[in-house]
Amino acid sequence: MENTNLITELETIILSAALTIYDAWGWFGVAALLVFENATGITPSEIILGLAGWMLISEHQLSPLMIPIGGLYAAIGSVLGASIAYWVARLGGRPLVDKLARWVRIDPAHIDRAETQFHRWGAGLVLVGRVIPGIRTLVSIPAGLARMPFLTFFIATFIGAYVWCTLLIGAGYLLGHEWALISAYLKQSLPFLLTCGALALVLYFWFTRRSPVYAPVRLDNE
């Protein structure tokens, strides 16, 4: 109950701050909040991105063509934040991860499960995990602990984050002032999550097949 109340309180604080930040900084504010969200796992992207779609596009009566542009800003912020978590885990190891997890109130058992799944799925979890609530912000940690090649991590994170962010911004735009319904909808919307994952996989394989810099996942400790 205490954790639930804390999360609710944080969401209220974040919403109030986001309104101020978006009004002053626009899409740069969206990117900044996504850096924080992906580095700490505290702020819910459903709120950040749904509000952005409504406040920065729908309220200003802008073209829907702004949705993929907004998704790009958000994806860049997501990659930067995820990279922070990745390098903290890679350089600091599990002792530092556990210490920071207590500070941001992440259950170490959740990290254990994410690590187990990462060793099973590798880059696939980094990619598809970006569109699954509860895993999205955790998956950077086992990737760093396993010393996953950073370029592979970067590509998978960017593509997964771009699909997730763009669709949530679009949902906020379509729902208008009812954008807050996104969070409740996602809790019971497996088709939406599957669509996000499928799009991310298509983009990932399209990009990596054409990129000479792609490197396969390695889970050794070199």
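Derivation of every value follows stated rules applied to the coordinates shown; laboratory data play no part. Worth saying up front: this structure is predicted, and the values here are computed from it rather than measured. Using ideal geometry, Cβ is built from the backbone for each residue, glycine included, and neighbour counts are taken over all protein chains shown.
Here the convex hull built on the C-alpha positions of segment 4-156 has a volume of 105 cubic angstrom per residue. Computed extension length for Ala17-Leu72: 17.6 nm, one decimal, from 0.36 nm per residue of separation with the Cα-Cα distance subtracted. What's the FRET efficiency of Leu91 with Gln61 using the Cβ-Cβ distance as r and R₀ = 35 Å, to the nearest 0.05? Efficiency, from the Cβ-Cβ distance: 0.15.
FRET efficiency for the Phe154 to Leu174 pair, using the beta carbon distance and R₀ = 25 Å, is estimated at 0.25.
Karplus-based coupling profile of segment 92-101, in residue order and whole Hz: x, x, 5, x, 5, 4, 5, 5, 5, 4, with θ = phi - 60° in 6.51 cos²θ - 1.76 cosθ + 1.60 and x standing for Gly or Pro. Among Glu46, Glu115, sorting on how many other beta-carbon atoms sit within 10 Å of each Cβ, with the fewest leading, yields Glu115, Glu46.
Of the peptides 168-176, 61-69, the ranking by mean beta-carbon count within 10 Å, highest at the top, reads 168-176, 61-69. Phi angles across segment 150-160 convert, under the Karplus curve 6.51 cos²θ - 1.76 cosθ + 1.60 with θ = phi - 60°, into 3J(HN,Hα) values of 4, 4, 4, 4, 4, 4, 5, 5, 4, 5, x Hz, Gly and Pro given as x.
Choose one of Gly77, Pro95, Ile106: the residue whose Cα lies farthest towards the positive end of the charge dipole of segment 72-112 (beta-carbon charges +1 Lys, Arg; -1 Asp, Glu; about the Cα centre). Working it through, the farthest residue towards the positive pole turns out to be Pro95. Residues in segment 67-82 carry Karplus couplings, in order, of 4, x, 5, x, x, 5, 4, 5, 5, 4, x, 4, 5, 4, x, 5 Hz; the curve used is 6.51 cos²θ - 1.76 cosθ + 1.60 with θ = phi - 60°, and Gly or Pro positions show x. The amide H of Arg147, built 1.01 Å from its N in the peptide plane, has no neighbour under 5 Å, considering only residues 5 or more places off or on other chains.
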